[in-house]
Amino acid sequence: MREIVSTITSKGQVTIPAEVRRHLGVRKSDKLSFVIEPDGVVRLRVPRYTDIASLRGAAGSLKEPTTWDKSREIAREDHLRDKYQDNP
């Protein structure tokens, strides 16, 4: 077993060492899951979606249907909020 140490920043971010990224097969913008086992052990897992059907429900659901234009408006608002959130 190898132990590779990384430091947590003040914002709670961690740089994943290159060797670990290669081992997991992850690249920029990929997702990681942190799995907390019943015995307290935490595992890293790369979520893989085998087909489009396996994505069903991943984004949650709406209380009521919405139009395409309304969805785009919400997405734009979210994008702008995220873009300027750290830059007042």
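What to note about this one:
- Some residue of the range 62-79 being surrounded by fewer than 10 Cβ atoms within 10 Å (Cβ to Cβ), β-branched (Val, Ile, Thr) and part of a loop (DSSP other than H, G, I, E, B): yes
- Number of the condition not met by VAL46 [criteria: (1) on the phi > 0 side of the Ramachandran plot; (2) under 19 Å from the mean Cα position of the chain (by Cα)]: (1)
- Scanning the range 32-88 for residues that are modelled with pLDDT under 85 and within 30 Å of GLU3 (Cβ to Cβ) returns PRO47, ARG48.
- Under the condition of being surrounded by 10 or more Cβ atoms within 10 Å (Cβ to Cβ) and among the hydroxyl-bearing types (Ser, Thr, Tyr), the residues counted in the range 13-32 number 1.
- Of all residues making up the range 9-43, the number that are more than 14 Å from the chain's Cα centre (by Cα) and among the hydroxyl-bearing types (Ser, Thr, Tyr): 3
- In the range 7-26 there is no residue that is basic (Lys, Arg), at pLDDT below 90 and either touching a strand residue (DSSP E or B) at 6+ places or on another chain (Cβ under 8 Å) or in a loop (DSSP other than H, G, I, E, B) (or both).
- Complete set of residues in the range 49-70 that are of a type in the set (S, T, N, Q), under 27 Å from SER33 (Cα atoms) and over 17 Å from the mean Cα position of the chain (by Cα): THR50, SER61
- Any hit, the range 49-56, residues being outside any loop (DSSP other than H, G, I, E, B) and polar (S, T, N, Q): yes
The values are calculated or read from the model by the stated rules, or taken from the named source; none is laboratory data. All of these numbers come straight from a predicted model, not from anything done at the bench. Note that we place each Cβ from the backbone using ideal geometry, even for glycine, and neighbour counts take in every protein chain shown.
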